[in-house]
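J.: First, the structure itself, so that you have it in front of you.
The values are calculated or read from the model by the stated rules, or taken from the named source; none is laboratory data. Here the structure is a predicted model, which is why all the values come from computation and not from measurement. Methodologically, a virtual Cβ is constructed for each residue, glycine included, from the backbone with ideal geometry; neighbour enumeration extends over all protein chains shown. SASA here: full protein model, heavy atoms, side chains in, ligands and nucleic acids out. Shrake-Rupley method; radii C 1.70, N 1.55, O 1.52, S 1.80 Å.
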Amino acid sequence: AYIEHEVEIKSGNYPDIFAENMGRALEEQTVIFYQEDVWDMGLYMLLGVALVRLGFFHGQIRRSTILAMAVLGVTAGLLVHTWMNLGLYRQFLDPVESRYFLIFEELGRLPLVLGYLSLIVLVFSAPQLRRCGNWMAATGRLALSNYLMQSLIGAFIFYGFGLAMFNQLGRMDILFVVLLMAAFQVLFSLLWTRYFLHGPIEWLWRSLTAWKVLPLRR
């Protein structure tokens with residue numbers, strides 16, 4: 001019944017979708033955030049600060065060490081999360097009823113974070129992969145613009161006021177949508193940063209915080 005209700009709402013018009021999402025979003029950004037998310041985000045922010053202090057992002061750690069962190073982190077994280085997904089599929093690890101679900105989720109998430117960060121550092125530091133690093137850097141400079149753009153594109157593709165594809169695509173179809181959107185945003189970011197100093201939303205945000213119109217064109 002819940003799934004049928006979700007499909008009905010998401011396939012409808014914008015006011016109905018807004019009304020359905022409003023209560024959930026308000027709860028997530030207030031009660032849930034201050035009870036749960038602030039600790040989660042805070043711990044990972046402190047992890048990032050520690051890595052900066054250790055010189056992880058500035059070439060002060062040996063490349064072999066970072067490579068080992070990448071291999072071990074991604075391997076361990078994927079093994080744990082693969083086991084979790086098998087548990088969900090075979091219905092012996094319920095995300096609602098099982099107290100172990102969140103524990104194993106975090107046990108897999110932390111090594112994955114360290115592994116992915118190590119891969120990013122390797123990409124930026126390797127001369128052979130420098131172009132790929134430049135693509136990532138351009139996309140990161142438009143982080144807020146890309147975040148909002150992705151939400152708008154996704155809403156248009158899946159919600160009823162757009163193409164109404166919610167609950168209509170298989171996993172491989174969704175993977176294709178994700179890859180296509182990612183490629184588009186990387187290309188958009190590269191072209192934008194060639195002519196402009198800031199992303200469109202980043203420029204607006206910084207102009208508001210500086211209380212003056214900042215230069216935009218290069």
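J.: Give the residue that is modelled with the highest pLDDT, with candidates limited to residues of the range 121-135 that are open to solvent by 70 Å² or more (accessible area, probe 1.4 Å) and among the hydrophobic types (A, V, I, L, M, F, W, C).
T.: TRP135
J.: Scan LEU179, LEU79, LEU175 and give me the residue that is modelled with pLDDT of 90 or more, exposed (fewer than 14 other Cβ atoms within 10 Å of the Cβ) and under 25 Å from PRO200 (Cα atoms).
T.: LEU179
J.: For the range 46-76, how many residues meet the condition of being β-branched (Val, Ile, Thr), surrounded by 14 or more Cβ atoms within 10 Å (Cβ to Cβ) and over 17 Å from GLU106 (Cβ atoms)?
T.: Adding up the residues that qualify gives 2.
J.: Scan (1) within 27 Å of GLY77 (Cβ to Cβ); (2) in contact with a Leu (Cβ under 6 Å, 6 or more places away or on another chain); (3) not acidic (Asp, Glu) for the single condition ILE157 breaks and write down its number.
T.: Looking at each condition in turn, ILE157 falls short on (1).
J.: Give all pairs with beta carbons closer than 7 Å in which a residue from the range 3-20 that is without any contact (Cβ under 8 Å) to a residue 60 or more places away in the chain meets a residue that is among the acidic types (Asp, Glu) and open to solvent by less than 60 Å² (accessible area, probe 1.4 Å); count only pairs at least 6 apart in sequence or on separate chains.
T.: Hits for this filter: ILE9/GLU20.
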